[in-house]
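Colleague: Please read through the structure below; I'll follow up with questions.
The values are calculated or read from the model by the stated rules, or taken from the named source; none is laboratory data. On a predicted model such as this, the values are computed, not experimentally measured, just so you know. Every residue, glycine as well, gets a Cβ built from its backbone with ideal geometry; the counts of neighbours run over all protein chains shown. Just the protein is used for accessible areas: all its heavy atoms, side chains included, with ligands, DNA and RNA removed. Shrake-Rupley method; radii C 1.70, N 1.55, O 1.52, S 1.80 Å.
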Amino acid sequence: GAKIVGSVADAARYGDVTYTMLADDAALESVMFEQGLLAALPKGGIHLCAGTHGIPIIRKLKQAHAGKGHVLVAAPMMGRPELVSSGTAGVFASGPSDALAKCKPLFEAIARRTFEGGDDPEAATAMKIANNFVLGCAIEAMGEGFALTRKYGVPTSVFYDVMTDGLFNCSAYKVYGKIMVDESYSKVGQMAALGLKDANLALEAGNLANVPLPSGNVWRDRLIGAAAHGDADKDWAVMALEQARASGLA
């Protein structure tokens, strides 16, 4: 039932809610200010911003939309592409309560659960950044664990079972641990380049709020190393390969 329109401006004029899900802040700023979303969105219209973006750009959008009589709702997704496509991902959502109520059917159509963070779009933005921060650091720690046990002759499949059938019996460790065991870094769910973007967003958010995030520096540096080795387009679990290189295992 989807219809193709000729421009961003045409899409913004189509209905009451305009949904964006873009790769980074530069793409969002271009769509907003250069390609016509801000100018074309009708008064009272809702911009539902679903990408993973930084606090400064969300603040800029809030001010711009308020000046035009629009409403901004932040609603980034939680989950790898296969979860999103199956309808089992989550949505972090925040914005004015009446706008969230209006968007609720949209959230229910694409996700199993919505985590509402309050009236300020910055809240959902912070939740998504923090979620990716914790996940990124977990992937980094898993890579370190694999490297350490490999040095002592433990097969990666055995340590994978230790993690996923014991204390860390949860989907994130199973999904990313399996990628590390199989070294299937070319099957991309989240590119390392976008993971690096997320690491920088987390450190930026921490700086703005005076929150130290020491683990974030390790996460970011491992991704920078992966990019330096030509792996920016691989899945961000490639941090484990970067750890293996640092350990003399690859």
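Colleague: What's the total number of residues in the stretch 79-91 that are open to solvent by 10 Å² or more (accessible area, probe 1.4 Å) and under 17 Å from the mean Cα position of the chain (by Cα)?
Modeller: If we filter the stretch 79-91 for residues that are open to solvent by 10 Å² or more (accessible area, probe 1.4 Å), which is where we start, we get 79-88.
This time we only want the ones that are under 17 Å from the mean Cα position of the chain (by Cα), so: 79-85, 87-88.
Adding up the residues that qualify gives 9.
Colleague: Return the pair list, or none, for Cβ contacts closer than 9 Å from residues in the stretch 222-250 that are at negative phi and among the charged types (D, E, K, R) to residues that are open to solvent by less than 30 Å² (accessible area, probe 1.4 Å) and in a loop (DSSP other than H, G, I, E, B), at least 6 apart or on different chains.
Modeller: D231/Y185; K234/Y185; D235/S184; D235/Y185; D235/G189; E242/D231
Colleague: So G189 fits all but one of (1) at pLDDT below 95; (2) farther than 22 Å from D24 by Cβ; what number is the exception?
Modeller: Here G189 clears every test but (2).
Colleague: Next question, about the same structure. Within the bounds of the stretch 92-107, is there any residue that is open to solvent by less than 50 Å² (accessible area, probe 1.4 Å) and in contact (Cβ under 8 Å) with a residue 60 or more places away in the chain? Lay out the reasoning, then the answer.
Modeller: The initial filter retains those residues of the stretch 92-107 that are open to solvent by less than 50 Å² (accessible area, probe 1.4 Å), namely 92-96, 99-100, 103, 107.
Then drop every residue that is not in contact (Cβ under 8 Å) with a residue 60 or more places away in the chain, which leaves 103.
Yes: the stretch 92-107 contains one or more residues that are open to solvent by less than 50 Å² (accessible area, probe 1.4 Å) and in contact (Cβ under 8 Å) with a residue 60 or more places away in the chain.
Colleague: Still on this structure, I have one more. Does A124 count as of a type outside the set (D, E), open to solvent by less than 50 Å² (accessible area, probe 1.4 Å) and under 29 Å from A40 (Cβ atoms)?
Modeller: On the way: of a type outside the set (D, E): yes; open to solvent by less than 50 Å² (accessible area, probe 1.4 Å): yes; under 29 Å from A40 (Cβ atoms): yes.
So A124 fits the description; yes.
Colleague: Take the residues in the stretch 218-229 that are open to solvent by 60 Å² or more (accessible area, probe 1.4 Å) and part of a helix (DSSP H, G or I); name whichever of them is nearest to A141 (Cα to Cα). Explain how you work it out, then say what you get.
Modeller: Step one: list which residues in the stretch 218-229 are open to solvent by 60 Å² or more (accessible area, probe 1.4 Å), which gives 218, 220-221, 224, 228-229.
Those left that are additionally part of a helix (DSSP H, G or I): 218, 220-221, 224, 228.
Values: V218: 10, R220: 13, D221: 13, I224: 16, A228: 20 Å.
Result: V218.
Colleague: Scanning for something touching a strand residue (DSSP E or B) at 6+ places or on another chain (Cβ under 7 Å), at pLDDT 95 or above and either among the small types (G, A, S) or farther than 18 Å from F146 by Cβ (or both), does the stretch 221-231 turn up at least one residue? Steps first, please.
Modeller: Narrowing the stretch 221-231 to residues touching a strand residue (DSSP E or B) at 6+ places or on another chain (Cβ under 7 Å): none.
For the stretch 221-231, residues touching a strand residue (DSSP E or B) at 6+ places or on another chain (Cβ under 7 Å), at pLDDT 95 or above and either among the small types (G, A, S) or farther than 18 Å from F146 by Cβ (or both): absent.
Residues are listed down the side, and each one gets a yes or a no for (1) of a type in the set (S, T, Y); (2) closer than 13 Å to P76 by Cβ:
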site: K3; (1), (2): no, no
site: S7; (1), (2): yes, no
site: V17; (1), (2): no, no
site: M32; (1), (2): no, no
site: A50; (1), (2): no, yes
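Colleague: Within the bounds of the stretch 147-164, is there any residue that is in contact with a Phe, Trp or Tyr (Cβ under 6 Å, 6 or more places away or on another chain), surrounded by 14 or more Cβ atoms within 10 Å (Cβ to Cβ), part of a helix (DSSP H, G or I) and in contact (Cβ under 8 Å) with a residue 40 or more places away in the chain?
Modeller: Checking the stretch 147-164: not a single residue is in contact with a Phe, Trp or Tyr (Cβ under 6 Å, 6 or more places away or on another chain), surrounded by 14 or more Cβ atoms within 10 Å (Cβ to Cβ), part of a helix (DSSP H, G or I) and in contact (Cβ under 8 Å) with a residue 40 or more places away in the chain.
Colleague: Which members of the stretch 42-78 meet the condition of being open to solvent by less than 40 Å² (accessible area, probe 1.4 Å), in a loop (DSSP other than H, G, I, E, B), touching a strand residue (DSSP E or B) at 6+ places or on another chain (Cβ under 9 Å) and not polar (S, T, N, Q)?
Modeller: The answer is G45, A50, G51, H53, H70, A75, P76.
Colleague: Would you be able to say whether some residue in the stretch 63-71 is out of contact with any His (no Cβ under 9 Å at 6 or more places or on another chain), closer than 28 Å to V211 by Cβ and free of Cβ contacts under 8 Å to residues at least 40 places away in the same chain? Steps first, answer last, please.
Modeller: First, the residues of the stretch 63-71 that are out of contact with any His (no Cβ under 9 Å at 6 or more places or on another chain): 63, 66-69.
Those still in the list that are closer than 28 Å to V211 by Cβ too: 63, 66.
Those left that are additionally free of Cβ contacts under 8 Å to residues at least 40 places away in the same chain: 63, 66.
Yes: the stretch 63-71 contains one or more residues that are out of contact with any His (no Cβ under 9 Å at 6 or more places or on another chain), closer than 28 Å to V211 by Cβ and free of Cβ contacts under 8 Å to residues at least 40 places away in the same chain.
Colleague: For the subset of the stretch 12-24 comprising residues that are in contact with a strand residue (DSSP E or B) (Cβ under 7 Å, 6 or more places away or on another chain) and open to solvent by 40 Å² or more (accessible area, probe 1.4 Å), which member is farthest from P42 (Cα to Cα)?
Modeller: The initial filter retains those residues of the stretch 12-24 that are in contact with a strand residue (DSSP E or B) (Cβ under 7 Å, 6 or more places away or on another chain), namely 12, 16-20.
When the remaining residues are screened for being open to solvent by 40 Å² or more (accessible area, probe 1.4 Å), the result is 16-17, 19.
Details: D16: 8, V17: 10, Y19: 14 Å.
Looking at residues that are in contact with a strand residue (DSSP E or B) (Cβ under 7 Å, 6 or more places away or on another chain) and open to solvent by 40 Å² or more (accessible area, probe 1.4 Å), I get Y19.
Colleague: Taking the condition of being in contact with a Phe, Trp or Tyr (Cβ under 9 Å, 6 or more places away or on another chain) and either part of a helix (DSSP H, G or I) or among the aliphatic types (A, V, I, L, M) (or both), how many residues in the stretch 177-199 meet it?
Modeller: Number of matching residues: 14.
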